[in-house]
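Take a look at the structure below.
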Amino acid sequence: MSKAQQLKAITRRMDSLPTLPQVVRKLTMMVESPDVTAQEVGKLISSDQVLGAKVLRLVNSPFYGFPGRISSVSHSIILLGFNVIKGVVLSASVFDLMERSMVGLWEHSLGSAIVSGALSRTLGLSEPEEISTACLLHDIGKVLVRVSLSRDYDQIVAQVTEKGSSFREAELQVLGVDHAEIGAWLAHEWNLPERLAIPIEYHHDPGSAPKFKERVAVVHIADSIVRACGVGNGGDPLVGRISPDAWEYIGMDKVDLPMLMRKILEDLEEVDCCQVSPAE
Ligand SMILES: [Fe+2]
Ligand SMILES: [Fe+2]
C-alpha cells in the first residue's frame, strides 16, 4: 500500500477529528476572504473570551518578538498577520487538549516555537513569526493520533518504552505513516497555507522538502535543540541527529552559535513552562 493509501485508510478509521470550536471554523473561512479586516477577525476571536485570552498569551510570548506588549487581539493581527493568527488560534484550541492530556508535548511545542523565533531572527529570515507558528504546530500529528487513534497511540508508546524504538519508528510500524505525514494531512483539512504545512510535513526530513527549505530547516533544528535542552517531552527519549541538509540550507556556519544559544536559553527562561532541565 502506498503512503497515501495508508493515510487514507487511517483517516477513515479515526474516531473523530479533534473538534474545533465554532469560532475557529468561522475564522478559517473568514481569513480566506480578501476584504476581511483585522477588526472583524479580532472581534470574532474576542467573542470567545477564553480563546481571546489564550491568543493574547501566545502572541505575547517571547517567540513573536513583542513580549508583553500586545494588548488587543486586533492589534496582534495587524502586527502578525492573518496566517500567524490562524495558526495561533488553531494551536490554542488543539493544544487545549494537549495542556490537559499531553503536557510534555505542549511544552515541547512552545519551546520549539521560542527557539525557532530566536534562530530565524539571528539568520535574518523574513516572517519569523510565521516560522514560529509552523514550529508551534509541527507535532500536531501526534495530538491527532493521541485523540483520534488512541489505541494505536498506546501501542506506539508501549513500543517506545519497551523496545526503545524512536517515536517515529514506532509510528511507522504501527500506523505505516508518521506524525509528520498525519500533521500535513490535518493541515490540508484545515486549509493551512503551504508555508505552514510544508514545515510540518518535512520537519524530520528537511532534505526532501520541495520548497521553503530554510523554514523547514529552522523548524527541524529548533525541534532538536529544544529536545537537547530537556524542555518538555515530545514523546521520544532520543534526540535525533540534526540533518546536515538543514545546516546547509540556513548557512549555519555564519551563525555565532554561543551567542545564539545564550539568547535561546534567555528566551526559554522567560516562559514558565519551558525551564531548561539541568543536564543529567
Ligand atoms: Fe516531530
Ligand atoms: Fe517535535
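Cα-Cα pairs above 16 Å in region 188-267: how many percent? Could the numbers behind the result be given before it?
Working: 1779 of 3160 pairs.
Within region 188-267, distances greater than 16 Å cover 56 percent of Cα pairs.
Which whole-number percent gives the relative contact order of region 1-155, counting Cα pairs below 8 Å spaced six or more residues apart? Could the numbers behind the result be given before it?
Numbers: 145 pairs, mean separation 38.6, N = 155.
Here the relative contact order equals 25 percent.
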For the chain, the count of lysine pairs 8 or more apart or interchain whose alpha-carbon atoms are under 21 Å apart comes to 13
When the dipole is taken about the Cα centre of the chain, and only Lys, Arg (+1) and Asp, Glu (-1) are charged at their Cβ, what size is it in debye, to the nearest 20?
480 debye
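Need one word for region 220-268: rounded, prolate or oblate. Basis is the Cα gyration tensor (sqrt eigenvalues a ≥ b ≥ c); a/c below 1.5 gives rounded, then a/b vs b/c decides.
Details: a/c = 2.97, a/b = 1.21, b/c = 2.44.
The shape class here is oblate.
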Computed [θ] at 222 nm, deg cm²/dmol, the chain (DSSP H ≥ 4; -39,500 (n - 2.57); rounded to nearest 500):
-20500 deg cm²/dmol
Order of Lys254, Lys54 - criterion: other Cβ atoms within 10 Å of each residue's Cβ, fewest first
Lys254, Lys54
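Let a ≥ b ≥ c be the square roots of the eigenvalues of the Cα gyration tensor of region 24-147; is it rounded (a/c under 1.5), or, if not, prolate (a/b larger than b/c) or oblate? If you can, show how the numbers build up before the last one.
Values: a/c = 1.61, a/b = 1.13, b/c = 1.43.
It is oblate, given that a/c is not under 1.5 and a/b is not larger than b/c.
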Using the count of nearby Cβ atoms within 10 Å as a rough guide to exposure, how do Thr37, Thr28 rank from fewest to most?
Thr37, Thr28
Would you kindly calculate the translational diffusion coefficient of region 159-200, applying Stokes-Einstein with the Kirkwood radius from alpha carbon pairs, for 20 °C and a viscosity of 1.002 mPa s, and quote it in µm² s⁻¹ without decimals?
192 µm²/s
How would Glu194, Glu32 line up from fewest to most surrounding beta-carbon atoms within 10 angstrom?
Glu32, Glu194
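Output the peptides 40-48, 139-147 sorted from most to least packed, where packing is the average of other Cβ atoms within 10 Å over each peptide's residues. Walk me through the numbers on the way to the answer.
Numbers: 40-48: 18.3, 139-147: 24.3.
In decreasing order of mean packing, 40-48, 139-147 become 139-147, 40-48.
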Given bins 10 angstrom wide, list per bin the percent of all Cα-Cα distances in the chain, short to long.
7, 30, 37, 21, 4, 0
GNM on the chain, Cα springs under 10 Å; top mean-square fluctuation among Val231, Val84, Val24 goes to Val24
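Values in this text are rule-based calculations from the coordinates and carry no lab data. Everything quoted here is computed from the prediction, not taken from an experiment. Cβ coordinates were reconstructed from backbone atoms using ideal geometry, including for glycine residues, and neighbour counts include every protein chain displayed.
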